[in-house]
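Engineer: Mind looking over this structure? Questions follow.
The values are calculated or read from the model by the stated rules, or taken from the named source; none is laboratory data. As the structure is a computational prediction, the values presented were derived from the model and not from experiment. Note that we place each Cβ from the backbone using ideal geometry, even for glycine, and neighbour counts take in every protein chain shown.
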Amino acid sequence: MKILMYRWKAYNYKDIKYTFEKLGYEIEEVFQDLLNYDVDEAFAERLRKIIKDDSYEFLFTVNYFPLISNVCQEEGLLYVCWSCDNPLISMYHKSVFNSVNRIFLFDITNVEEFKEMGVEHVYHLPLAVDVNRLDYLFANAKDFNLYKNDISFVGSLYEKNSYDKMEFTMPDYLRGYFEATMEAQKDLQGINIIDRMLTPEILMELQNYFELDKSEDSLSDLNLIFSVTTLGFKIAEKQRRSILIELSKHFDVSIYTNSNVHDLIKVNYRGSVDYWSEMPKVFRESKINLNITIPNIKSGVPLRVYDVLGAGGFLISNFQAELPMFFENEKHLVWYYNQRDFFEKVDFYMRHDSERTRIAKAGQDFVRQNCTYEARIQELLSKL
């Protein structure tokens with residue numbers, strides 16, 4: 001059995017590839033930087049030739065690529081993808097209705113959206129962690145002291161967002177409306193109000209200040225693009241900076257990021273860390289790890305949650321609607337519902353080492369038994 005995999009810089013690509021191989025599949029990889037996810041005729045022609053020259057069970061990608069879906073549709077090859085980002089703007093495309101598609105999304109809200117659009121083969125598949133890989137890393141590492149922290153956050157601050165570039169081109173009323181929307185969303189956990197705030201009247205005025213750039217076959221609109229790529233990223237920046245600044249007034253807080261941290265005066269800047277060799281050590285050696293989910297992920301559980309728990313780290317996360325579907329609060333991890341709840345829980349668990357240790361151990365045991373890549377891929381294969 002042979003799978004063709006398109007390789008790109010997705011964090012979980014190697015774990016998925018290894019799992020397919022563990023299950024007995026032979027993997028052939030194809031790689032090329034795409035000039036466009038929609039149209040790149042040189043790559044499309046190369047892909048057609050690869051498919052014609054051999055026999056594959058299916059072509060697999062992490063996330064969705066319209067160009068690849070269309071080539072698979074032409075050649076009659078099953079196209080299977082599993083998202084690690086949400087929402088995938090690339091999925092709002094005519095190709096999403098191709099009959100060869102088998103699309104797996106980790107956010108159930110997004111699954112239901114595409115089902116309502118008439119997409120037939122779209123399924124819910126949560127993300128995963130390879131605990132055995134982490135066990136091997138820890139067994140062979142000797143530099144754990146370099147990664148000890150009281151409270152740590154690993155991730156982007158999204159300071160490179162398009163909202164900042166257009167903010168002062170808008171009239172005062174429109175700018176004030178978006179600021180109020182972002183402030184309201186910033187303090188809401190597990191609920192996304194952005195879509196409801198982008199009313200037809202607001203969108204009509206916004207189109208005078210926001211250039212919508214999309215391909216001919218794209219199904220995306222101003223509401224989607226602006227809410228995700230502009231407001232979503234800006235809200236994430238506001239949330240993360242606000243939380244880190246307030247926490248650092250009372251606790252020792254560290255951040256690992258490539259982002260600009262000029263305003264995080266009391267936060268310890270640790271630089272960036274490698275996903276494979278360093279990040280798990282941060283999660284294991286920090287007393288408290290933070291997950292602050294970008295609001296673009298409406299209900300799903302992001303990869304960071306599985307990465308922290310798999311490393312044996314203690315995690316405090318914002319509430320996401322799907323968390324109770326898989327985990328128990330204050331048994332496997334701790335989630336919060338608002339900022340007051342968050343600060344109270346940080347204070348409590350900083351003072352209760354045994355509780356942190358118990359929860360971290362239970363969380364790791366749970367993902368080890370229930371959230372492995374092997375279990376997820378087996379579920380994926382059963383749908384095929």
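Engineer: Please go through the stretch 22-44 and pick out each residue that is charged (D, E, K, R), assigned to a helix (DSSP H, G or I) and at pLDDT below 95.
Structural biologist: Within the stretch 22-44, just 41 meets the criteria.
Engineer: Give the residue, chosen from 40, 53, 33, that is closer than 26 Å to residue 302 by Cα and among the charged types (D, E, K, R).
Structural biologist: None of the others qualify; the one that does is 33.
Condition check ((1) at pLDDT 95 or above; (2) buried (at least 17 other Cβ atoms within 10 Å of the Cβ); (3) not acidic (Asp, Glu)) across all residues:
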{"position": "301", "(1), (2), (3)": "yes, yes, yes"}
{"position": "309", "(1), (2), (3)": "yes, yes, yes"}
{"position": "331", "(1), (2), (3)": "yes, no, yes"}
{"position": "336", "(1), (2), (3)": "yes, yes, yes"}
{"position": "340", "(1), (2), (3)": "no, no, yes"}
{"position": "344", "(1), (2), (3)": "yes, no, no"}
{"position": "347", "(1), (2), (3)": "yes, no, no"}
{"position": "361", "(1), (2), (3)": "yes, no, yes"}
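Engineer: Let me confirm something: among 69, 99, 95, which residue is of a type outside the set (A, V, I, L, M, F, W, C) and in contact with a Pro (Cβ under 7 Å, 6 or more places away or on another chain)?
Structural biologist: 95
Each row is one residue, and each column tells you yes or no for (1) surrounded by fewer than 17 Cβ atoms within 10 Å (Cβ to Cβ); (2) small (Gly, Ala, Ser); (3) out of contact with any Cys (no Cβ under 9 Å at 6 or more places or on another chain); (4) on the phi > 0 side of the Ramachandran plot.
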residue	(1), (2), (3), (4)
134	no, no, yes, no
169	yes, no, yes, no
176	yes, yes, yes, no
205	yes, no, yes, no
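Engineer: At least 2 residues that are of a type in the set (Ser, Thr, Tyr) and assigned by TED's automatic domain parsing to the domain that holds residue 343 in each: list the helices (runs of 4 or more DSSP H) lying fully within the stretch 169-239 that qualify.
Structural biologist: Output list reads 172-186.
Engineer: Go over the candidates 31, 104 one by one and state the one that is under 30 Å from residue 191 (Cα atoms) and outside the structural domain of residue 219 (by TED's automatic domain parsing).
Structural biologist: 104
Engineer: Turning to a different aspect of this structure: Check 259, 248, 254, 286 and return the single one that is modelled with pLDDT of 95 or more and over 20 Å from residue 309 (Cβ atoms).
Structural biologist: The match here is 248.
Engineer: OK, next. Which number in (1) in contact with a Pro (Cβ under 7 Å, 6 or more places away or on another chain); (2) surrounded by 22 or more Cβ atoms within 10 Å (Cβ to Cβ) marks the one condition that residue 326 misses?
Structural biologist: Only one criterion is unmet by residue 326, namely (2).
Engineer: Which condition number does residue 68 fail, the rest of (1) assigned to a loop (DSSP other than H, G, I, E, B); (2) under 19 Å from residue 125 (Cβ atoms); (3) of a type outside the set (Lys, Arg) being met?
Structural biologist: If we test residue 68 against (1) assigned to a loop (DSSP other than H, G, I, E, B); (2) under 19 Å from residue 125 (Cβ atoms); (3) of a type outside the set (Lys, Arg), just (1) comes out false.
Engineer: Restricting to the stretch 106-116, and then to whatever is of a type in the set (A, V, I, L, M, F, W, C) and touching a residue at least 60 places away in the same chain (Cβ under 8 Å), can you tell me which residue is surrounded by the fewest Cβ atoms within 10 Å (Cβ to Cβ)?
Structural biologist: Applying the filter and picking the extreme gives 108.
Engineer: I need the full set of residues from the stretch 44-56 which are in contact with a Leu (Cβ under 7 Å, 6 or more places away or on another chain) and not β-branched (Val, Ile, Thr), in order please.
Structural biologist: Within the stretch 44-56, 44, 56 qualify.
Engineer: Is it the case, given these coordinates, that residue 290 is under 18 Å from residue 360 (Cα atoms), in contact (Cβ under 8 Å) with a residue 40 or more places away in the chain and crowded, with 22+ Cβ neighbours inside 10 Å?
Structural biologist: Spelling it out, residue 290 is indeed under 18 Å from residue 360 (Cα atoms), in contact (Cβ under 8 Å) with a residue 40 or more places away in the chain and crowded, with 22+ Cβ neighbours inside 10 Å.
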